[in-house]
Amino acid sequence: MKNFFSEKTVLSIPPLIYLIALFLVPTILMVVIAFREPGSYGGVAPLIEHVNNTTRINLTLDSFKFAMTSHFIWQLFWRSVGFSLLSTFCCLIIGYPLAMLIAKSKKNYREFLLLLVIIPFWSCFLIRIYAWMIILGPQSGFTHMINYIVNVLGYPPVNLLYSSAAVVICMIYINLPFMVLPLYANLEKHDEALIEASRDLGATNFQAFLKVTIPLSMPGILAGSALVFIPCIGMFVVPELVGNNCSLMIGNLIKQQFLQTMNWPLGSVTSIIMSLSVLGITLLFVCFAVRFGGLKYANK
Amino acid sequence: MAILEIQNVSKSFEDNLVVNNISINIEQGEFFTLLGPSGCGKTTLLRMIAGFTNPDSGKIFLDGKNITNLPPEERPLHTIFQSFALFPHLTVFDNVAFPLKMAKWNKIKLVSQVEELLEDVQLTKFAKRYPHELSGGQKQRVAIARSLVDRPKLLLLDEPLSALDARLREHMHVELVKLQEETGVTFVYVTHDQQEALALSSRMAVLNFGEIEQLDTPQAVYAKPKTYFAADFLGKCNLLPAEVRAITNKTLTLKVSDILEFDLDIEEVGEIKVGGKGWYAIRPEKIKANRNMPTEVEDIFTAKATTKSYYYYGDATLYEFTLANGTKLQAMLSNLRATQPNFFDNEQEVIVSFDPQAGNFLVE
């Protein structure tokens, strides 16, 4: 009892309450709703019902059965995974050189360059997506340029807006800072002497990058990838604004189940599928982090 | 033939001339030391040999081949960094194997070569460990094994022992010299530690402001420093203002600190003229002090002095005396006697004596 009022315990109570109220309770609710029956007018049917002098408890596995066998739900699920992986990969390809550039630039410029990376956060998420709707719209110079190239190559003009490409482009744009920041934090700490040592021991510039810089930045790559992948997979605003029927993602389905179709149990089941897949993929990231460098020498 | 020839190499950063027209020839199998205070250009010179920096002018030859503008990976030499620069993501074995993998050695030869090197530095048991699991001394030995594994023609060491504590440093001195003798690889060693330079080198260069002050064996540099800086930087030294009164053949008659006058034999008169000014440099341990006039007075110069202070070092005691006109004179007296040393009291009058030939005349 003596330790109960210690600083540690007292200080950990507010975050504990926060987590219980906003994470644990909703998760339990989600799981419970998944086993209930949909109500006739949306929401859920009462748990205990008295019909003709008999008492019924309305719990069912129907929503799970439906979700597991629904071709449509799995199509959305795999599309979400595919879009998210593609966005994460593109963020890595674009973000790595950018983070490297910032980390290698002179100390006085670094903060300014980081500021440029963060500036988009100052405006509203929706406004930034609307800006992309203009860029990708049929009237924009960008679209004209793309269609000119497409024309030269001998294909009919393409419509950029309301396509899967637009969804991926916007997800890359929205999430790029989350890739750049952890990568920068990692690359900035690299000891220049290690690169010099590898050159001294016979590695070319490119070999030094492959054998030293990349393995040492693995923790940054994994952290950035997780930070991009996880919000991507649950995205629903972007496909709704710039996508078409063939680019809907699992997040759109969940939103529809709760707000339009009002089938809460099916929405909950879909949410559970998404949460479990995010959990699984995060665990995979952690395994990678342990296997390929990262954590082994993190505490030097 | 010299294995490393540095010819008229200069380097400046912005407007700062860091290395000024330096030429050095280093022989095969030498343990050569570049000694100097921080900012004297010794590390820049080393980095130019390693290929991390290109000289503004001058040439560097390794084993007769011009390597001045080669990238570091194409130079058959290695550097041991002050921070060791071990790859934290690789095991000890993979660290040592790194240069062989880069040179695409075949697997079987690679494994046996790495194992042999690990045995040489007594790290066989640690092959599977990661650098962060090693002590400072072990890291140092991995760095050495990694740099010697492909038998380079030259090994550059950039203050490799400065990260270790004093005891370990002394232990590594012995190991380094042993390793250098066993492998026969030429070592170029950079340090600001004069003890290290004296103890390890076969030859050494004293650098100051990007120029060589003196290049010779440690014994010669210590006993007969050629410049004021070399005398002052390397160990303790009494530097007394002196004037040449007469020159007969190769003997100078010096007037030192206005009150001492004695003859000094020199190897070469050179530019020294009668009336020329300079310093008389003599090491504190060459000076003796007695309460009474010493008996063996022949060819020994004596003067009266007053004790000002003393510092007890254990093996020796450093005294500060003043001569009759206030000139300060340091003397290092060995504590040879079986009993506790019987120190001179402050303000006590003593007779200092030394052999003038133990010192050196430095032209201003």
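What follows is calculated from the coordinates using simple rules that are stated; it is not laboratory data. These figures come from a predicted structure and were not determined experimentally. Here Cβ is always computed from backbone atoms with ideal geometry, including for glycine, and neighbour counts include all displayed protein chains.
Computed 3J(HN,Hα) for segment B:243-259, one whole-Hz value per residue from the Karplus formula 6.51 cos²θ - 1.76 cosθ + 1.60 where θ = phi - 60°, is 9, 7, 8, 7, 10, 10, 6, 10, 10, 9, 9, 10, 10, 10, 6, 6, 10, glycine and proline marked x. Note: relative contact order over segment A:1-59, using C-alpha pairs below 8 Å and six or more positions apart, is 18 percent. For chain A, modelled as a GNM whose springs connect Cα atoms under 10 angstrom apart, the maximal fluctuation among A:G280, A:G202, A:G95 occurs at A:G202.
Of the residues B:F354, B:Q140, A:M100, the one whose Cα sits farthest toward the positive end of the charge dipole of the protein assembly as shown, with +1 on the Cβ of Lys and Arg and -1 on the Cβ of Asp and Glu, is A:M100. In the protein assembly as shown, the DSSP-assigned H stretches of four residues or longer account for a calculated mean residue ellipticity at 222 nm of -13500 deg cm²/dmol, using -39500 (n - 2.57) per stretch and the full residue count as denominator. Kindly provide the chymotrypsin sites (Phe, Trp or Tyr not before Pro) of segment A:207-300 that DSSP labels as loop, not H, G, I, E or B, and whose Cβ sees at most 16 other Cβ atoms within 10 Å. Listed in order of number, the matching sites are A:F292. The distance separating the Cα centre of segment A:188-204 from that of segment B:197-221 comes to 30 Å.
Taking the fewest neighbouring Cβ atoms within 10 Å as the starting point, the ordered list for A:M235, A:M179 is A:M235, A:M179.
Using a cutoff of 8 angstrom between alpha carbon atoms and counting only pairs six or more residues apart, the relative contact order for chain A works out to 26 percent. In the protein assembly as shown, with Lys and Arg counted as +1 and Asp and Glu as -1 at Cβ, which of these residues, A:T270, B:I259, B:Y228, has the Cα nearest the positive end of the dipole, that is, farthest along it? Going by the charge dipole, the pick is A:T270.
Couplings 3J(HN,Hα) of segment B:146-162, computed from phi: 5, 7, 9, 5, 9, 6, x, 7, 8, 10, 9, 10, 9, 6, x, 9, 5 Hz, in residue order, whole Hz [Karplus 6.51 cos²θ - 1.76 cosθ + 1.60, θ = phi - 60°; x for Gly and Pro].
In plain terms, the residue of B:C237, A:C90 with the fewest other Cβ atoms within 10 Å comes first and the most crowded comes last, giving A:C90, B:C237.
Rounded, prolate or oblate: which fits segment B:236-363 when a ≥ b ≥ c are the square roots of the eigenvalues of the alpha-carbon gyration tensor, with rounded for a/c under 1.5 and prolate only if a/b beats b/c? Since a/c reaches 1.5 and a/b is larger than b/c, the shape of segment B:236-363 is classed as prolate. What residue among A:L248, A:F178, A:G220 has its Cα farthest toward the positive end of the dipole of chain A, where the charges are +1 on Lys, Arg and -1 on Asp, Glu, each on the Cβ? The residue sitting most towards the positive pole is A:G220. Each residue of segment A:95-100 was assigned a 3J(HN,Hα) from its phi angle through the Karplus curve 6.51 cos²θ - 1.76 cosθ + 1.60 (θ = phi - 60°); the sequence is x, 4, x, 5, 4, 4 Hz, with glycine and proline shown as x.
Relative to the Cα centre, the charge distribution of segment B:243-356, modelled as +1 at Lys and Arg Cβ and -1 at Asp and Glu Cβ, gives a dipole magnitude of about 260 debye. Considering only A:N244, A:N186, A:N52, the mean-square fluctuation computed in a Gaussian network model of chain A, springs between alpha carbons under 10 angstrom, is largest for A:N52.
Seen against the Cα atoms of chain A and their longest principal axis, helix A:7-19 is set at about 60 degrees.
Taken residue by residue and averaged, Cβ atoms of other chains lying within 10 Å of the Cβ of A:257-269 number 0. Using Cα pairs closer than 8 Å and at least 6 residues apart in sequence, work out the relative contact order for chain B, in percent. Answer for chain B is 15 percent.
Under a no-solvent Debye model with one identical scatterer per Cα of the protein assembly as shown, what's log10 I(q)/I(0) at q = 0.08, 0.09, 0.12 Å⁻¹? With no solvent term, the Cα-only Debye profile gives -0.85, -0.96, -1.26.
Label segment A:150-300 by shape, choosing from rounded, prolate and oblate, from the square roots a ≥ b ≥ c of the eigenvalues of the Cα gyration tensor; if a/c is under 1.5 it is rounded, and otherwise prolate applies when a/b is larger than b/c, oblate when it is not. Note, shape of segment A:150-300 comes out oblate. Against the longest principal axis of chain B, how steep is helix B:107-120, in degrees 0 to 90 to the nearest 10, with axes from Cα atoms? So the inclination is approximately 30 degrees. Separation of segment A:96-174 and segment B:269-338, taken as the distance between their Cα centroids, equals 80 angstrom. For segment B:156-237, a Kirkwood radius taken over Cα pairs fed into Stokes-Einstein (4 °C, viscosity 1.567 mPa s) yields D = 96 µm²/s. Here the Gaussian network model covers chain B, with springs between Cα atoms less than 10 Å apart; of B:M204, B:M48, B:M293, B:M293 fluctuates the most.
Given q = 0.10, 0.14 Å⁻¹, what are the Debye log10 I(q)/I(0) values for chain B, with equal point scatterers placed on the Cα positions and solvent ignored? So the normalised log intensities are -0.76, -1.13. Sorted ascending by nearby beta carbons within 10 Å, beginning with the fewest, B:I3, A:I93, B:I351 become A:I93, B:I351, B:I3. Quick one: check the C-alpha center-to-center distance for segment B:107-181 versus segment A:1-46, whole angstrom. Each part's Cα centre sits 57 Å from the other's. For segment A:71-297, a simple Cβ point-charge model (Lys and Arg +1, Asp and Glu -1, everything else neutral) yields a dipole of about 120 debye relative to the Cα centre.
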